[in-house]
Amino acid sequence: FLSPHKFIGGPGSSGLLVARRHLFSPPTADEHARPTCPGGGTVRYVSPAAVDYEQEAIEAREDAGTPGILQAIRCGIAFKVKEAVGCDRIEAAEQAHGRAALEAWRAHPQITLLGADRADYFDYERRVSIISFNIRAPEGIAPSRASAAFLHAFGGQPILHPHFVIQVLNDLYGIQGRSGCSCTGPYGHRLYGIAAPGDECAATMRHLAAEHGEHAAKLGWARVNFNYFIDEAEAQFVRDAVLQIATHGWRLLPYYQIDPKSGQFTHRSFERHDALRSLAELEFVRDGCTFRVPCQDTAPLDHAKVLEEAEVIYKSAAKTVVGWADGNTAPRSMSDFTAPPSDELLTAVWWCMPNDAATLLCAQVGRVSTKTVRYATEIKGALSQARSSASSRRSTQVDSSLQDFEDSAMHKIMRPRG
């Protein structure tokens with residue numbers, strides 16, 4: 001089975017099932033082949049007493065119902081683009097980008113390349129340029145009880161949540177990546193070492209998702225893809241961005257909150273404006289559509305400037321958090337979560353929390369954080385009070401560092417896409 005929607009230009013195209021012709025033939029010559037799923041378009045003739053299915057046109061017989069004509073055309077165009085560029089050229093470009101990224105990232109002590117323990121992982125001529133990784137939290141972040149089951153996979157350190165890593169890639173650098181388990185949940189359990197039947201950690205995550213709808217604790221990784229059409233400057237920018245996050249990304253954790261349901265991280269100062277949340281908001285009038293989405297700036301990105309501004313933001317994080325701890329300035333909510341999580345989720349936290357990072361930042365500058373709210377199992381008795389305090393704490397003051405973040409040249413690329 002092929003997935004052309006993953007090809008360049010292929011989103012929205014039909015899938016392809018490729019098989020030998022004899023697999024669709026009847027067992028004997030006297031029998032007629034029947035479609036796997038009978039329906040409109042699969043027959044030659046139908047009467048009250050008999051039905052004759054298509055025999056020669058296998059595609060018609062096995063494609064019941066109205067065909068996806070536009071999807072099929074897009075599929076063909078995606079293959080035509082691939083052939084026009086040339087497979088050899090595509091492979092050479094992706095191998096070069098993949099090799100450069102893997103060699104840069106494997107040397108960083110905080111980056112874990114998922115699956116790199118296999119001997120052929122670094123066989124650049126056989127692998128694709130899709131790279132999955134996790135980033136370890138810095139020393140000084142104590143591992144949680146929930147992370148003890150798979151700390152060995154990450155050198156004994158807790159990791160940054162992959163959703164956070166991808167969000168920073170988007171907000172700070174304008175780079176689109178993906179996080180999650182790549183639709184390979186069982187493989188993820190093996191990578192994390194929790195695949196054994198009856199594993200307590202895996203059972204807890206399943207319970208949270210099924211009973212509470214809380215997916216924040218689901219394991220995963222971040223991944224990026226180096227397509228053949230990007231140039232070396234853009235590939236270098238992606239490599240440098242990941243390296244910066246591996247070194248300094250944890251410093252921005254206090255700027256973010258976690259949605260316990262989706263596990264997504266949202267910048268505390270982010271407010272979505274003019275966003276189409278549902279097709280119900282869309283109206284058509286004589287002159288056209290009444291809803292307009294603001295166009296994004298498509299001017300060429302100054303990669304060096306973005307990296308320099310990111311460095312400034314990382315360095316200012318400690319000052320910002322100390323200001324919050326002193327009570328001088330504060331975001332609208334100091335809670336680690338966008339909504340109160342279940343007690344079960346609190347005990348299942350395996351990633352570095354925003355408050356963990358805030359505490360370490362304060363410690364590095366010789367200050368003790370007393371104002372931040374921590375959702376942690378060791379203070380269960382104070383959970384109710386903490387949640388109430390977190391939800392009631394509001395401030396109309398905007399932290400100067402957050403304002404600098406929004407006023408910088410990166411404000412045009414930091415809005416989440418979609």
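The values are calculated or read from the model by the stated rules, or taken from the named source; none is laboratory data. Since we're looking at a predicted model, the values are computed, not measured. Methodologically, a virtual Cβ is constructed for each residue, glycine included, from the backbone with ideal geometry; neighbour enumeration extends over all protein chains shown.
Is it true that some residue in segment 179-189 is at pLDDT 85 or above, of a type outside the set (S, T, Y) and in contact with an Asp or Glu (Cβ under 8 Å, 6 or more places away or on another chain)?
There is at least one residue in segment 179-189 that is at pLDDT 85 or above, of a type outside the set (S, T, Y) and in contact with an Asp or Glu (Cβ under 8 Å, 6 or more places away or on another chain).
May I ask you to list the residues in segment 229-255 that are surrounded by 21 or more Cβ atoms within 10 Å (Cβ to Cβ), charged (D, E, K, R) and within 20 Å of A107 (Cα to Cα)?
Of everything in segment 229-255, nothing turns out to be surrounded by 21 or more Cβ atoms within 10 Å (Cβ to Cβ), charged (D, E, K, R) and within 20 Å of A107 (Cα to Cα).
Somewhere in segment 92-108, is a residue part of a loop (DSSP other than H, G, I, E, B), in the same structural domain as S269 (by TED's automatic domain parsing) and in contact with a helix residue (DSSP H, G or I) (Cβ under 9 Å, 6 or more places away or on another chain)?
Yes, segment 92-108 contains at least one residue that is part of a loop (DSSP other than H, G, I, E, B), in the same structural domain as S269 (by TED's automatic domain parsing) and in contact with a helix residue (DSSP H, G or I) (Cβ under 9 Å, 6 or more places away or on another chain).
Among A64, A49, which is farther than 29 Å from K6 by Cβ and either modelled with pLDDT of 85 or more or not in a loop (DSSP other than H, G, I, E, B) (or both)?
Numbers: A64 fails: farther than 29 Å from K6 by Cβ.
None of the other options fit; the residue is A49.
Which pairs turn up if I take residues in segment 74-90 that are more than 24 Å from D231 (Cβ to Cβ) and look for partners that are not polar (S, T, N, Q) with beta carbon separation below 6 Å, at least 6 apart in sequence or on another chain?
What qualifies is R74/G12; C75/P4.
Yes/no matrix, rows are residues, columns are (1) assigned by TED's automatic domain parsing to the domain that holds F226; (2) loosely packed, with under 13 Cβ neighbours inside 10 Å; (3) not small (G, A, S):
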{"residue": "G12", "(1), (2), (3)": "no, no, no"}
{"residue": "L23", "(1), (2), (3)": "no, yes, yes"}
{"residue": "P26", "(1), (2), (3)": "no, yes, yes"}
{"residue": "R44", "(1), (2), (3)": "no, no, yes"}
{"residue": "S47", "(1), (2), (3)": "no, yes, no"}
{"residue": "D52", "(1), (2), (3)": "no, yes, yes"}
{"residue": "A60", "(1), (2), (3)": "no, no, no"}
{"residue": "G65", "(1), (2), (3)": "no, yes, no"}
{"residue": "L70", "(1), (2), (3)": "no, yes, yes"}
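Please go through (1) assigned to a helix (DSSP H, G or I); (2) under 23 Å from the mean Cα position of the chain (by Cα); (3) modelled with pLDDT under 75 for Q296 and return the number of the only condition it doesn't satisfy.
(1)
Scanning segment 227-238 for residues that are of a type in the set (F, W, Y) and at pLDDT below 95, which turns out farthest from E103 (Cα to Cα)?
Going through the qualifying residues, I end up with F229.
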